[in-house]
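In what follows, a single structure is set out as structure tokens and then discussed.
What follows draws every value from the coordinates through simple rules; no lab data is involved. Please read all numbers here as calculations on a predicted model, not as lab measurements. Cβ: placed from backbone, ideal geometry, glycine included. Neighbour counts: every protein chain shown.
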Amino acid sequence: MAHNVNSLTARPIWLIYQFFKLDGLLFTALVLLSLSGLMVLYSASGGDIALVQRQALRLAVGFIGLLVMAQIPIDKLRAWSIVLYVVGLVLLFLVLVAGDSAKGAQRWLSFGVIRFQPSEVMKIWVPMMMAFYFSTRLIPPKLKDVVIGFVLLATPAVLILKQPDLGTAILVTSSGLFVIFLAGLRTRVIMSLIAIGIAAAPIIWFKLHDYQRTRILTLLNPESDPLNAGYHIIQSKIAIGSGGIYGKGWLNGTQSRLDFIPERSTDFIFSVFTEEFGFLGAVVLILAYLFIVMRGLVIAANAQSNYAKLLGGAISLSFFSYVFVNIGMVTGLLPVVGVPLPLISYGGTSMVTLLTMFGILMSIHSHKKLLGN
Amino acid sequence: MARRIAIGDQRLESEVFNRRAVAAVILVFIACSILLFQLYGLQVTQYAHYQTRSDDNHMQLQSVAPMRGLILDRDGVLLADNQPSYRLVVTPSRAGNIDALLGRLSEFIEFDDRELRRFNRVILGRQSFQQTPLKFNLSNQELALFAVKQHQFPGVEVLATSTRYYPQHEYFTHTLGYVGRMNRADQQRMDAKNYRATTHIGKLGLEKYYEDILHGEVGYQHDEINAQGRRQRVLRTEQAKSGVDLKLSLVTEVQKVATNALGSRRGAIVAIDPNNGDVLAFVSMPSFDPNLFVNGISQKAYSELRLNSDQPLFNRALIGQYPPGSTVKPVIALAALESNQINAENTIFAGPYFQIPKQSRRYRDWKKGGHGRVDLKLALAQSCDVYFYKLGFAMGIKPMHDMLTRFNLGDKLGLDTMGEARGLVPSAAWKKRIHDEAWYPGESVITSIGQGYLLATPLQLAQMTARLAMNGLGYKPRFVIAQRKTKEDGFVPLEPTVLPSIDLKQQEHWQQVLSGMRAVVNGRTGTARNISRGARYDIAGKSGTAQVIGIAQNAEYEEADIAQHLRDHALFIAYAPVDQPKIAVAVIVENGGSGSRVAAPIARKVMDAYLLKGMTDGP
């Protein structure tokens, strides 16, 4: 056993991973996926090399963020959880009173030259807070703890929903729910919550904005309005479907190249990918995501502290939920909510957030080893 | 707080987390399965459906009109050409509101009402994804302006095509006819598939007669279009097959000389090569420029043509039916010779007029004093009417009818064009059938000098002349002498069609009649001796002066007293060289007066143009 480890660690690349406190498997998967993403982006942007370079730069920044996060011991992070959570709530509140508008929603805060989207960092800070809270409780948690946990979760979620930004609100909420779930919330409580959720669906329906309702209706029957609301979904499905088993080939997707796919570099980039690489490509991509999720869960399971376990697990499942919501959205399973495809969609903010989250996983991974020894 | 953690059972807590993690993994797998199931449904199960929709999205099939076959003269001079032109086409399904579109386009492109009406009519009958021409022949300025503003007009494009052009303008109109825009009747009549991209069709003349081979076969272009409906590139092309090029028997130089010889007079000239039936010149005057009709003639211009009293639209050479007058005398003479009514050497006394025994009516000779004693040769040379009155009276209508018919008068010749007229060779049976009356001997008398019911087209007279020249051999007259499928193939000549020859009982009758025709030009007293002057070849001919109105019995025909349109038609037929005929000509000048004075010199010019063609020194 020890011999095996030595022979493995003797390789120079593994030494580098060890030096930077990285999990080799996870890191390699992330790098490969990101590079593949650049390739897809090149096609989706219609061969816009400048755009690909910009994205590569953001990737580099993101990976630096990952490396930095990996160096921070997980216990230090744990200590910051409450502060960051409170700061986050304040920022979310500021967004509502003094934020910049874009496309009918207030999501941005400006600090001089830096524009900043507080809801984005809450994707990390909320699960950190939740993990912190439940790591201080008994596992499995008592009902009272769960109620407090829900309040901690609902406060930022409602603030984000007010912007309005349904997509991020859902992702933030789900990241918190993952913590509660992993903390061992009793099955019957989960069942009752689901029942309450179904019962509350009509109320939520009336609380939704018109455009959000339209999206859901459109999802149910896109052909009812093929030129307006349904257009995105129809064109996306045509792109995916016409890819067939083997795809049309890289740079050969007619739906993407000829502008039929909307937002093809960002939210709908999966349609571009599947049109060009077919069902086989989609299977490979989903397996790659699955691998990353599994590796993340393994790292979480091997963590020493409950905080690390809960946060690591929530990060892994959140990552998966992004994938699921995005692919579900472009294949017509879920309403269009504006969630990018992790590591592939064009865009800096979500990329940096994601890689930061993986930096936390790396930290959980490496600092467990130290503790273990 | 830290104490609470310490209290917690590490092992139990770890177990709870692991159980939940496993549950999460299961949920993740289920979620992945849902995604893959959905993808499988889209990409495998419904692949064909989405593939079709993707193709429909980005591919557009356009029919491409074939290049129309060219028409050339015998020497390769272009008579009907295709010139590059640009037209504005609209794909209605991509163009949005058509009325608004037209409003914006008309800010810099001029449309006339007829074009707009036509466009609105056409788009109703077509599928909305098909390109429909909105305006033909864009000017350079319109092209430039549209190029700048094109992005504002999705679904509107400039299409490079070709337009029929007749470089010889009015010279060949009555042979070529013209193409015009297809109307609804044309669209219903023609093969919808092959004519899908075709906008013009032969309306008249050779353009119509040879429409099926001139048109060619439609091609297809698979265009790639983007979401905005703009063409990105051509994916695949199935080349259209160009129409067949036609080489005509006509000779442009001769045609022009003939046309100019008629000048501003109304009339027709047809020249035929007696050796094969090739039509060498085919003139009907006045004429008009066929290019006017190609892209729609204006109402005003059309009215002017239609209401013009000289009738430029009327194809005199093909459809004009005239009393042939004395030009048929050689054939009447053959009929008389063959029916043993006369002997060529015998002389007959020809006074100033002829009377049927016991009838008072006088059939006058054109020459007031009469000709005295004449034999056949002299009778032909001087065009002695009384000589022929006597023959006609003696033999009756039957032999004349039969011989005229053998010379292809009274029926269509089968020239390869549209709408040939039959002419008329009367017979007793015909008169009974049409007029329900008996045939009168007096009618035979006037038929002998080409008057009465007898009618012939200039084309028929030329054919008659050609057969006289060839001692009865005959060919079907024709315009097209060769066809070319592709430039590489070159022209493939067509064989002339031989007609049943006219076999006489006695071969020397040909010589007897033809020497009379030669004497018309070369005889000391020949009516057309004026045209022999300076001729470098031997000409045989026959003049004719056809009455348009009947002259009262005791009145004299005085040209000056008679309204122009009631004056006699001047006719002349001729062939040359006499010993080896190469050209036979028929000339008619409407209300021209004397055939020998007016028509004969025109025939001479035509023969000169053909026979002396390419010779450096003029006569």
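For A:L138, A:L177, B:L461, which order do you get if you count the other beta carbons within 10 Å of each Cβ and list the fewest first? Spell out each step's value before the answer.
Working: A:L138 17, A:L177 22, B:L461 32.
Listed from fewest to most nearby Cβ atoms, that is A:L138, A:L177, B:L461.
Neighbouring Cβ atoms within 10 Å as the yardstick, rank A:M362, B:M470, B:M395 fewest first. Write down the numbers at each step before the final one.
Working: A:M362 27, B:M470 18, B:M395 21.
Lowest to highest Cβ neighbour count: B:M470, B:M395, A:M362.
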Query - Fully extended contour minus Cα-Cα distance, from B:Q239 to B:L566, at 0.36 nm per residue - result: 112.0 nm
Query raised in the report: How large is ³J(HN,Hα), in whole Hz, for each residue of the range B:164-180 in order, when computed from phi with the Karplus curve 6.51 cos²θ - 1.76 cosθ + 1.60 and θ = phi - 60°, using x for Gly and Pro?
Result: 4, 9, 10, x, 8, 6, 6, 5, 10, 3, 6, 9, 6, x, 6, 9, x
Query raised in the report: Can you give the extra length, in nm with one decimal, that the chain gains between B:R114 and B:S360 once fully stretched, where that is 0.36 nm per residue apart less the Cα-Cα distance?
Result: 82.2 nm
Query raised in the report: Each label point is 7 Å from the Cα along the Cα-to-Cβ direction; what then is the distance between the points at B:N343 and B:D411, in nm?
Result: 3.5
Requested in this report: Pop out the ³J(HN,Hα) list for the range B:395-408 in order, Karplus 6.51 cos²θ - 1.76 cosθ + 1.60 with θ = phi - 60°, rounded to Hz; leave Gly and Pro as x.
Outcome: 8, x, 6, 4, x, 5, 4, 5, 5, 4, 5, 5, 8, 6
**Report entry** Average Cα contact separation per residue, chain A, under 8 Å, 6 or more apart, as relative contact order %
**Finding:** 26
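Residues with beta-carbon under 11 Å from that of B:Q228, excluding B:Q228: net charge, scoring Lys, Arg +1 and Asp, Glu -1? Walk me through the numbers before you get to the answer.
Values: positive: B:R94, B:R230, B:R231; negative: A:D259.
Every neighbour counted, the sum reads +2.
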Report summary line: What the Cα atoms of chain A span along the principal axes, largest first and in whole Å, is 60, 52, 47
Requested in this report: Round to the nearest 10 and give me the degree value, 0 to 90, for the angle of helix B:252-262's Cα axis relative to the longest principal axis of chain B.
Outcome: 50
Query - Dipole of the protein assembly as shown, positive end: most advanced residue of A:M357, B:V386, A:L166 [Cβ charges, Cα centre] - result: A:M357
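If N is the number of residues in chain B, what value comes out of its Cα radius of gyration divided by 2.2 N^0.38 Å?
Working: Rg = 37.4 Å, N = 619, 2.2 N^0.38 = 25.3 Å.
After normalising by residue count via 2.2 N^0.38 Å, the value is 1.48.
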Query raised in the report: Counting only residues 5 or more places away or on other chains, whose amide H sits under 5 Å from the amide H of B:L79 once H atoms are built in the peptide plane?
Result: B:I71, B:L72, B:D73
Query raised in the report: Quick one: what does P(r) look like for the range B:291-406 with 10 Å bins over all Cα pairs, in whole %?
Result: 12, 32, 21, 12, 12, 9, 1
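Relative contact order for chain B: what is it in percent, counting Cα pairs under 8 Å that are at least 6 residues apart? The partial results should precede the final answer.
On the way: 1263 pairs, mean separation 83.9, N = 619.
Contact order relative to length: 14 percent.
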Query raised in the report: Cα centroids of the range B:376-400 and the range B:272-301: how far apart, whole angstrom?
Result: 37
Query raised in the report: In Å, what is the Rg of the alpha-carbon atoms in the protein assembly as shown, and how long is Dmax?
Result: 49.3, 160
Query raised in the report: Among A:P156, A:P141, A:P127, whose mean-square fluctuation peaks in a Gaussian network model of chain A (Cα, cutoff 10 Å)?
Result: A:P141
Report summary line: Residues of the range B:51-94 with backbone N under 19 Å of the label point set 7 Å from the Cα of B:K487 along Cα→Cβ are B:65-73, B:75-85
Query raised in the report: So who's got an amide H within less than 5 Å of the one on B:A456, skipping anything under 5 residues away but keeping other chains? H placed 1.01 Å off N, in plane.
Result: B:Y322, B:L424
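In debye to the nearest 20, how big a dipole does the protein assembly as shown give about its Cα centre with +1 on each Lys and Arg Cβ and -1 on each Asp and Glu Cβ?
Details: 101 positive and 75 negative charges, 438 e Å.
Using only the charged Cβ atoms, the result is roughly 2100 debye.
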**Report entry** Rel. contact order, % - alpha carbon contacts under 8 angstrom, at least six apart, the range B:252-602
**Finding:** 22
Query - Rounded tilt (10° steps) of B:600-611 against the dominant C-alpha axis of chain B - result: 60
Query raised in the report: In whole Å, what are the Cα extents of the range B:283-323 along the three principal axes, biggest one first?
Result: 36, 18, 12
**Report entry** B:Y440-B:Y537 FRET efficiency (beta carbon distance; Förster radius 41 Å; 0.05 resolution)
**Finding:** 0.40
Query raised in the report: With the dipole of chain A worked out from charges on the C-beta (+1 for Lys and Arg, -1 for Asp and Glu) around the Cα centre, which of A:A44, A:F260, A:F20 lies farthest toward the positive end?
Result: A:F20
Query - Ascending count of other beta-carbon atoms within 10 Å, so fewest first, for B:H401, B:H215 - result: B:H401, B:H215
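If you take every DSSP beta bridge fully contained in the protein assembly as shown, what fraction is antiparallel? Give it as a percent rounded to 5.
95
Going down the table (A:K144/A:K207; B:K247/B:K582; B:K247/B:K487; B:K390/B:K505; B:K390/B:K605; B:K256/B:K300), which pairs top 24 Å between alpha carbons? If you can, show how the numbers build up before the last one.
Numbers: A:K144/A:K207 28 Å; B:K247/B:K582 19 Å; B:K247/B:K487 13 Å; B:K390/B:K505 22 Å; B:K390/B:K605 35 Å; B:K256/B:K300 28 Å.
Over 24 Å Cα-Cα: A:K144/A:K207; B:K390/B:K605; B:K256/B:K300.
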**Report entry** Shape of the range A:76-207, Cα gyration tensor, a/c cut at 1.5
**Finding:** oblate
Query raised in the report: Residue-wise, which Karplus ³J(HN,Hα) couplings in Hz belong to the range B:504-511, taking 6.51 cos²θ - 1.76 cosθ + 1.60, θ = phi - 60°, and x for glycine or proline?
Result: 8, 5, 10, 5, 5, 4, 4, 4
Report summary line: GNM on chain A, Cα springs under 10 Å; top mean-square fluctuation among A:F268, A:F206, A:F116 goes to A:F206
Query raised in the report: Over what distance in Å are the Cα centres of the range A:119-185 and the range A:297-335 separated?
Result: 14
Report task. Would you tally the net charge around B:N343, using a Cβ to Cβ cut-off of less than 15 Å, leaving B:N343 out, and scoring K and R as +1, D and E as -1? Result -> 0
